[in-house]
Structures are given as C-alpha cells and as structure tokens.
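One structure is given below, encoded as structure tokens.
What follows is calculated from the coordinates using simple rules that are stated; it is not laboratory data. Quick caveat: nothing in here was measured; it's all calculated off a predicted structure. A quick note on method: Cβ atoms are made from the backbone with ideal geometry, for glycine too, and the neighbour counts reach across all protein chains shown.
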Amino acid sequence: MIGKTKRLSFTILFFLITFSLIVNSYIFKNLLIINTFLLCFLTSLLVTKYGLRIIKKLNLLQNIRDEGPSQHLCKKNTPTMGGIFIVLPFLLLLLIVNIFFNSIGITLILICSFSFFIIGFLDDFLSIKRKSNTGLTSTEKFSLQALISILFIFLAYHNNYINPPISLPNNWVINTNSIIFPICFTTLVGLSNAVNLTDGLDGLASGCSSIVFYGLGTEIFIKGQKELIIYGLVAYAMTGLCMGFLKFNKYPAKIFMGDTGSITIGAILGSISILTNSFFTLFIFSGIFIIEALSVIIQVSFFKITKKIFNNGKRVFLMTPIHHHFELKGINEEKIVENFWKANILMVFLGIVLKINL
C-alpha cells in the first residue's frame, strides 16, 4: 500500500461518507438519510456484481482511442455500459417514490434522467457496434441534450420550479430574471458533458459523483424546506448507487460506466439543482467536473487561436481532459484519482461551510 497514512482508498471513502450520513441522520432527525444510502449502495453492489456477467456474455467491451495515453491500451476490451447498473435502479426508485408522493418535480427528474440515459446508451452501443471510440457525433449528442434540456426547463418553469432569484449564502439572492434560462441550460448540458469528460480514469467519475451527490443532498437538507427533503434523499440515493458501482470501477476497473452512466449522472445533478435552486453550492461541489471541462475548452481555444496567429497551434496542457496531462507527467493513475477525490471532498466541505456560516 502506497503511503498508508495519506492514501484515500475506496474503503476509507465509503466509511467517510457512511459516517457523515449517520451524523446527518442524527442532525436532521431523519433515519431515511442513512437507510436510503445503504439500501442503494447494496442494490448497486449486487446489481453490478451479477450484471457484470451479463455485460461480458453480451460482449459489450470498451474501445480505446489511439490518440489517448499509451498506458490505456491495456484497458481495451474491459466491459463497459456499466452506467446501466446505476441509472436503472435510480429510475426504478423514482417510479416508486412517485407512486407515494405524486410529485411533478420527481416526474421531471425521471423524464430528464431517462432521456439522457437513452443518449448515453445510444452513444455506447454505436461505439461498440462500430468497434471504435466514436458513437454519436458531437453535434448529434449536443443537439439531443439541448432538446431535452429545453423541454425540461420549459416544464419546470411552467410548474413554478424555476424562479429568477438564485439563493446565495447569508440569505443573499441574485435576481437573474431572464438569464435564469441560460443558467439552467448551461447547468444541465454543461454538467452532463463535464462528468462525461471526467470519466477517463478508473473510479474518477464514479468516486467524485458519490462525493458531489452527498454534498448536494446535505445542502438541500440544510435549506430546511420540507418540500425539498425528497430531493435530498434522491441525491443521497445516487451517492449510494455511485458508491456501489465504484467498488467494481475503482483501479484496476472491472467495468466502465460509459456514456450511459456519465452523461446521465451529470444530467441528474443538474436537474436536481435546478428544481431546488442549488446552483451556487453545486458550482462549488462540482469543481472537479468544471476544471476537467475548462481544461478542454482552454486547450481547444488556445490551439485554434495560436494556429490562426502563428500558423502553428500550441497547447497549454500535454493532453486534455486535465487528468491525462497528469498521467503524461508520469503520475500514477491511482494517485491522480485519489488526489482528485481529496480535492472534491474539500470542495464539498467548503460549500457546506459557506452555506452554514455565511
């Protein structure tokens, strides 16, 4: 074991989140918090364990892009589309919740999640069928994401779930008026693609997603609004589902989530934050996802600008998303993931402290 006193392993991360949720259950006097997490964790653990056999039988195996880091070639033919084992239990949970609560908000999350799930599924399926790392084109993917996002935002606004004032710490608000719609669109589409870009190292996206969903659920409970409790529990459910999958997705990964999981996870984060007006804290919690996406934007923009000026494109990073930059710097993949988890935990801690004290 490398650096026993400093290493953040799956086991430590699991117990850290579990202990935090037990504390939350005591603070908020709601045992559903820890029970929901544990139930979803065990469900994901079992479904992924036995579903992995089905994925192998169906020969749903990962293709690795040639231009990626050379050390990733050994990952070729690893079972993929594991996001099914996160998303399908989540969709079933939403259906069950809706039977008892009959919530329009839960219905909207269900529709949004299922729609993004189909996009990710198609992308993975076409990639496997073509035996390449390309499924849907970037234009096709973005167009579908944009269409679903616009429909979700329209329905959410029509049902009074979207209000121009955005909540900030210390009871401050920003009256965003008409720009609330671009903010919602960017949150939904942006996070969907940001999580997708982050899913490039074993356990990186699934581990960070577990942490971010924990932060989002806690932030919602801190609001103290009874009508939002169900969304907090839904976020904690995703913490458990991502954590159960992480058991098999951590280094060395036995299965990848694929776009089926990453695109949908980002959409779920975005949709919950829109319905609960949690933009500010989610922006902090999702710092890793945002940095990953920004690294790509900076790299592409800088290359195009320098190519136009000097007829020779230059790069800021060795490779993007930025986790590949660190790989090419010679840092061990497992170490990169652990450090990103640690940074994400600090971001969640910062967001919660700001929410409570400011």
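Things worth noting here:
- When peptides 104-113, 341-350 are ranked by their average number of other Cβ atoms within 10 Å per residue, the highest-first order is 104-113, 341-350.
- Burial ranking of peptide ranges 246-255, 84-93 (average Cβ count within 10 Å, highest at the top): 84-93, 246-255
- Distance from region 88-140 to region 290-358 (C-alpha centre basis), Å: 27 Å
- Most to least packed among 184-194, 30-40 [average Cβ atoms within 10 Å]: 184-194, 30-40
- For I222 and K57, the difference between the fully extended length at 0.36 nm per residue and the C-alpha to C-alpha distance is 54.9 nm.
- Global geometry of region 23-65, whether rounded, prolate or oblate, following the gyration tensor of its Cα atoms and the 1.5 cut on a/c: prolate
- For the chain: relative contact order, % (alpha-carbon pairs under 8 angstrom, 6 or more apart): 24 percent
- Relative exposure of R315, R130, judged by other C-beta atoms within 10 Å (fewest first): R130, R315
- A Cβ-based charge dipole, computed about the Cα centre of region 290-350 with Lys and Arg at +1 and Asp and Glu at -1, lands at about 480 debye.
- Think of each Lys and Arg Cβ as +1 and each Asp and Glu Cβ as -1; about the Cα centre, that makes the dipole of the chain roughly 760 debye.
- Computed on region 265-337, with alpha-carbon pairs under 8 angstrom and 6+ residues apart, the relative contact order is 21 percent.
- Its Cα centre serving as origin, region 212-358 has a Cβ charge dipole (Lys and Arg +1, Asp and Glu -1) of approximately 400 debye.
- Percent of alpha-carbon pairs separated by more than 24 Å within region 221-353: 43 percent
- Here the ratio of the Cα radius of gyration of region 242-314 to 2.2 N^0.38 Å is 1.53.
- Here the chain is treated as a sphere whose radius is the Kirkwood value from Cα pairs; by Stokes-Einstein at 4 °C and 1.567 mPa s it diffuses with a coefficient of 63 µm²/s.
- Each of D202, D259 was scored by other Cβ atoms within 10 Å of its Cβ. Arranged with the fewest first, they read D202, D259.
- Ranking Y26, H158, S138 by how far each Cα lies toward the positive end of the dipole of the chain (charges on Cβ) leaves S138 at the top.
- Modelled this way, with points 7 Å down the Cα-to-C-beta line, the labels at I331 and L91 are 3.6 nm from one another.
- Cα pair distances exceeding 29 angstrom across region 1-151, given as percent: 38 percent
- Look at the alpha carbon pairs under 8 Å that are at least 6 residues apart: their mean separation over the length of region 1-148 gives a relative contact order of 17 percent.
- Cβ-derived FRET efficiency at R0 22 Å, F14 paired with V353, nearest 0.05: 0.45
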